[in-house]
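Trainee: My questions will all concern the structure given below.
Coordinate-derived values only; no laboratory data. Please read all numbers here as calculations on a predicted model, not as lab measurements. Methodologically, a virtual Cβ is constructed for each residue, glycine included, from the backbone with ideal geometry; neighbour enumeration extends over all protein chains shown.
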Amino acid sequence: MSATPSAAQVLSLFRCLLRVARDFPDYNIREYAKRRTIDAFRENATLSDPSSIYSAFSHGHSQLALLKRQAAVYSLYIPSLRSVMELQQPPF
Amino acid sequence: MASLAQSSISLPSLSNRPLVPRAGFSKPSSVSLSISGRNFPSIALQSRGRQFQVRCAAKPETVEKVCELVKKQLALPEGSAVTGESKFAALGADSLDTVEIVMGLEEQFGISVEEESAQTITTVQEAADMIDKLLESKA
């Protein structure tokens with residue numbers, strides 16, 4: 001296991017997280033996952049200690065695995081009524 | 001472009017070849033421009049265009065949409081000049097911003113950008129070029 005992830009690996013993790021977040025059929029979870037990854041990566045952008053960088057990276061990696069599993073589970077039970085935020089035109 | 005011209009030349013030459021094999025049968029892989037009996041002025045023009053490099057520029061409305069998205073993502077004030085040549089780093093975007101911009105472009109245009117190509121985008125023009133290329137290959 002490499003000690004410190006490179007910048008390219010971190011950006012690749014960021015991109016993977018955003019891609020998986022797009023696959024959620026639920027509007028709320030989709031938006032939250034996007035918001036949360038952006039906030040977390042911005043907050044940890046200024047880390048300089050290698051061990052904290054590594055722990056943040058491995059945490060992000062485990063969250064990516066979790067997101068993938070949950071996206072698969074949620075897509076099995078898509079509700080027929082989507083969120084009102086996804087309507088193309090407002091109902092009134 | 002040159003390879004396209006070559007492949008389009010070889011097809012008519014194969015169809016004009018007589019079916020009876022004669023002595024001294026040339027290799028089918030050779031491209032002969034002297035097609036007997038038929039006149040293909042358009043192909044002759046294409047073959048001479050090998051020195052002329054055509055660089056496909058992105059459509060202006062694509063560049064417009066990319067500029068709009070970049071302005072919104074980086075929260076730039078309304079009057080700021082974002083042109084095709086502006087680099088993302090010069091506009092104040094760090095690498096996370098660049099990834100977000102590429103993801104926003106993917107969503108808006110309905111395309112999918114690969115990892116390596118996404119890492120090489122540094123200016124608005126490059127992004128617009130890649131979007132047009134992906135839209136063309138998809139259509």
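Trainee: Which residue pairs have Cβ atoms closer than 7 Å, lie 6 or more positions apart in sequence or on different chains, and pair a first residue in region A:6-31 that is at the interface with chain B (Cβ under 9 Å from one of its Cβ atoms) with a second residue that is among the aromatic types (Phe, Trp, Tyr)?
Mentor: A:10/A:57; A:14/A:41
Trainee: Is it the case, given these coordinates, that residue B:93 is under 23 Å from residue A:16 (Cβ atoms), away from chain A (no Cβ under 14 Å), surrounded by 18 or more Cβ atoms within 10 Å (Cβ to Cβ) and not acidic (Asp, Glu)? Working first, answer last.
Mentor: On the way: under 23 Å from residue A:16 (Cβ atoms): yes; away from chain A (no Cβ under 14 Å): no; surrounded by 18 or more Cβ atoms within 10 Å (Cβ to Cβ): yes; not acidic (Asp, Glu): yes.
In short, no.
Trainee: Out of region B:76-118, which residues are among the small types (Gly, Ala, Ser) and touching a helix residue (DSSP H, G or I) at 6+ places or on another chain (Cβ under 9 Å)?
Mentor: Kept after step one, since they are among the small types (Gly, Ala, Ser), are these residues of region B:76-118: B:79-81, B:84, B:86, B:89-90, B:92-93, B:95, B:104, B:110, B:112, B:117-118.
Of everything in region B:76-118, those that are among the small types (Gly, Ala, Ser) and touching a helix residue (DSSP H, G or I) at 6+ places or on another chain (Cβ under 9 Å) turn out to be B:80, B:84, B:86, B:89, B:92, B:93, B:95, B:104, B:110, B:112, B:117, B:118.
Trainee: Out of all the residues in region B:91-133, which are part of a loop (DSSP other than H, G, I, E, B) and more than 16 Å from residue B:58 (Cα to Cα)? Before you say what the answer is, go through the steps one by one.
Mentor: The initial filter retains those residues of region B:91-133 that are part of a loop (DSSP other than H, G, I, E, B), namely B:91-94, B:110-114, B:120-122.
Of everything in region B:91-133, those that are part of a loop (DSSP other than H, G, I, E, B) and more than 16 Å from residue B:58 (Cα to Cα) turn out to be B:91, B:92, B:93, B:94, B:110, B:112, B:113, B:114, B:120.
Trainee: State whether one or more residues within region A:71-91 are under 10 Å from the mean Cα position of the chain (by Cα) and of a type outside the set (Phe, Trp, Tyr).
Mentor: Looking only at region A:71-91, we keep the residues that are under 10 Å from the mean Cα position of the chain (by Cα), and these are none.
Scanning region A:71-91 turns up no residue that is under 10 Å from the mean Cα position of the chain (by Cα) and of a type outside the set (Phe, Trp, Tyr).
Trainee: Of everything in region A:45-68, what is closer than 25 Å to residue A:23 by Cα and either surrounded by 12 or more Cβ atoms within 10 Å (Cβ to Cβ) or of a type in the set (A, V, I, L, M) (or both)? Give them in sequence order.
Mentor: Narrowing region A:45-68 to residues closer than 25 Å to residue A:23 by Cα: A:56-68.
Result: A:56, A:57, A:58, A:59, A:60, A:61, A:63, A:64, A:65, A:66, A:67, A:68.
Trainee: Related question: If I filter region A:22-63 down to residues being among the hydroxyl-bearing types (Ser, Thr, Tyr) and closer than 19 Å to residue A:78 by Cβ, which single residue comes out as nearest to the chain's Cα centre (by Cα)?
Mentor: First, pick out the residues of region A:22-63 that are among the hydroxyl-bearing types (Ser, Thr, Tyr): A:27, A:32, A:37, A:46, A:48, A:51-52, A:54-55, A:58, A:62.
Right, trim to closer than 19 Å to residue A:78 by Cβ and you get A:27, A:32.
Details: A:27: 13, A:32: 8 Å.
The qualifying residue nearest to the chain's Cα centre (by Cα) is A:32.
Trainee: Considering only region A:1-77, give the helices (runs of 4 or more DSSP H) lying wholly within it that have at least 3 residues that are acidic (Asp, Glu) and out of contact with any Pro (no Cβ under 6 Å at 6 or more places or on another chain).
Mentor: Values: elements: A:7-22, A:27-43, A:50-74.
Counting at least 3 such residues, we get A:27-43.
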